[in-house]
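Step one of this worksheet: look at the structure below.
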Amino acid sequence: MSNFVLPPEYEELRASLRRFAEEGIAPHAAEADERSEYPWKSFEAYRDSGFIRLPYPEEYGGDGGDLVAYCILVEEVARVCGASSLFVMIPRLAIEAILMFGSDELKQRIIPKLATGEWQGSYCLSESHAGSDVAWMRTRAVRDGADYVLTGSKAWITNAGISDFYTVFAKTDPEAGARGISAFVVEADRPGFSVAKLESKMGMRGSPTGEIRFDEVRIPAENLIGEEHRGFQYAMAALDGSRPTVGAQAVGLAQGALDAATRYVTERQQFGQPVAEFQGVQFLLADMATRVEAARLLVYSASSRLDAGMPGTSKASAMAKLFASDTAMQVTTDAVQLFGGVGYTKEFPVERMMRDAKVTQIYEGTNQIQRMVIGRRLLDEVAPA
Ligand SMILES: Cc1cc2nc3c(=O)[nH]c(=O)nc-3n(C[C@H](O)[C@H](O)[C@H](O)COP(=O)(O)OP(=O)(O)OC[C@H]3O[C@@H](n4cnc5c(N)ncnc54)[C@H](O)[C@@H]3O)c2cc1C
């Protein structure tokens, strides 16, 4: 049996997601970008549609969609609004480590609130001096009786100031490098928690990115995720599970730009005919479409492996994120080219898509880091036993 064609239920899901995204999210995308404002109307439409439940397990109030279905959700939202796809992805990333390693009490406390949209969450790994090399982080968590006390700051946190809880990685043994990191849940209403600054960004401008500060933030020991000192492993496992969704986001951005460009070239006339009639334009469209399809297949392949619990998923996840994000950058840039001068203006969405696409090559590990992951796994596979 071939697994290379999605079963019909996934295509049905895509069709209803497309309708929902075009009606509930697309109308607010340009304004959120222009004003750098959180697209609350889009979030409310997402919450009210019920699609918000898709990525969460049924026992915690979700619909229990698998990773392939979740990637289709991310892709269809990103096709019309990159910033909105982040409010789909980030709360799910925030609970990835909790789902895999956290206590049932933590899961019960948090996930049902995400599935109804009452709460949102963020994932706090990066620091200003520790991005690719997160083991260099300085945020400290010190045990004090029945509590931990957190001090330090996290940089580049998506959904900063919007989220109700933050999954925070902090050093519990500063001398032990990557083996001295633990993971915690920090609620936004704890004394000493603050959003220190918000970034002014090139793209994804409707999604806030900021620095979070912890000034002796006291949390109960029950907020420790899993075991002490295992945080680095949890952070990497969370990223392995999440990178295909960044790939899906990139595929969505690329597809949105390709659709807009394909439409435009059939309408725009030069030399007495639609520019779509020129072979040079058709070849460019053909390359764009082929790259998008190849990226989508890598995303579904990595997601299916994760859904099946197959070993060795880091390489597949990194490949999906790497290829899809490079594709998004290339295809959105080509789409701007096909629009000519107006592509460089805000009259059409392709310039926004091009700006939004750039960050998919940077976050959840830059594409240099993805190549390192792929290279190391390849070498591990040929290493003598
Ligand atoms: C919009 C946005 C949202 C983000 N959201 C979050 C979030 O929610 N949570 C979170 O924790 N983080 C988040 N990040 C942070 C993001 O994951 C980091 O920016 C990223 O991992 C890179 O780290 P850095 O910026 O410190 O770059 P650096 O690590 O300083 O890298 C600088 C350059 O050096 C290259 N480089 C570094 N090491 C190597 C190497 N060994 N080999 C080859 N090249 C190398 C990099 O690829 C890059 O080109 C976000 C970032 C952005 C821009």
Which angle between 0 and 90 degrees, to the nearest 10, do you get for helix 279-307 versus the longest principal axis of the chain when only C-alpha atoms count? 30
Starting from the Cα of residue 22, step 7 Å along the direction of its Cβ; do the same at residue 294; then give the gap between the two resulting points in nm. 2.9
Once the Cα atoms of helix 231-267 and of the chain are each reduced to a long axis, what angle between those two axes, in degrees from 0 to 90 to the nearest 10, is obtained? 20
If you average the C-alpha positions of region 316-385 and of region 187-249 separately, how far apart do those two centres end up, in angstrom? 23
Where a Cα-Cα gap under 25 Å defines reach, which lysines qualify for residue 321, not counting those fewer than 8 residues away within the same chain? 154, 201, 358
FRET efficiency for residue 229 and residue 104 from the Cβ-Cβ distance with R0 = 25 Å, rounded to 0.05, comes out at 0.70
Charges at C-beta only: +1 for Lys and Arg, -1 for Asp and Glu. How large is the resulting dipole of the chain about its Cα centre, in Debye rounded to 20? 780
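If r is the Cβ-Cβ distance from residue 118 to residue 271 and R0 is 56 Å, what FRET efficiency results, to the nearest 0.05? Mind dumping the intermediate values first?
Details: r = 57 Å, r/R0 = 1.02.
That gives a FRET efficiency of 0.45.
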Excluding residues fewer than 8 places away in the same chain, name every one of the aspartates and glutamates whose C-alpha is closer than 17 Å to that of residue 107. 58, 59, 63, 96, 118, 164, 187, 222, 227
When the charge dipole of region 232-382 is computed with +1 at the Cβ of Lys and Arg and -1 at the Cβ of Asp and Glu, the Cα pointing farthest to the positive end, of 284, 342, 245, is that of 245
Point-to-point label distance, residue 286-residue 308, nm (Cα→Cβ direction, 7 Å offset): 3.3
If you plug each phi of region 367-375 into the Karplus form 6.51 cos²θ - 1.76 cosθ + 1.60 with θ = phi - 60°, what whole-Hz ³J(HN,Hα) values come out, in order, with x for Gly and Pro? 5, 5, 5, 4, 5, 5, 4, 5, x
Relative to a virtual label point 7 Å from the Cα of residue 143 in the Cα→beta-carbon direction, which members of region 206-220 show backbone nitrogen distances below 19 Å? 217-220
Expressed in nm to one decimal, what extension gain is obtained for the pair residue 178 and residue 200 from 0.36 nm per residue of sequence separation less their Cα-Cα distance? 4.8 nm
What spacing in nm lies between the two simple spin-label points modelled at residue 278 and residue 63, each 7 Å away from Cα in the Cβ direction? 4.3
Which of 112, 217, 265, positive extreme of dipole for the chain (C-beta unit charges): 265
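Which length gain, in nm to one decimal place, applies between residue 216 and residue 346 when the Cα-Cα distance is subtracted from 0.36 nm times their residue separation?
42.3 nm
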For a quick check of your reading of the filter: which trypsin sites (Lys or Arg not before Pro) in region 90-185 sit in a DSSP loop and have no more than 15 other Cβ atoms within 10 Å? 138
Calculate how steeply helix 26-35 sits against the longest principal axis of the alpha-carbon atoms of the chain, using the helix alpha-carbon long axis, and give the answer as 0 to 90 degrees to the nearest 10. 70
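Coordinate-derived values only; no laboratory data. Quick caveat, the model's predicted, so the values are computed rather than measured. Neighbour counts run over all protein chains shown; Cβ positions are idealised from the backbone, glycine included.
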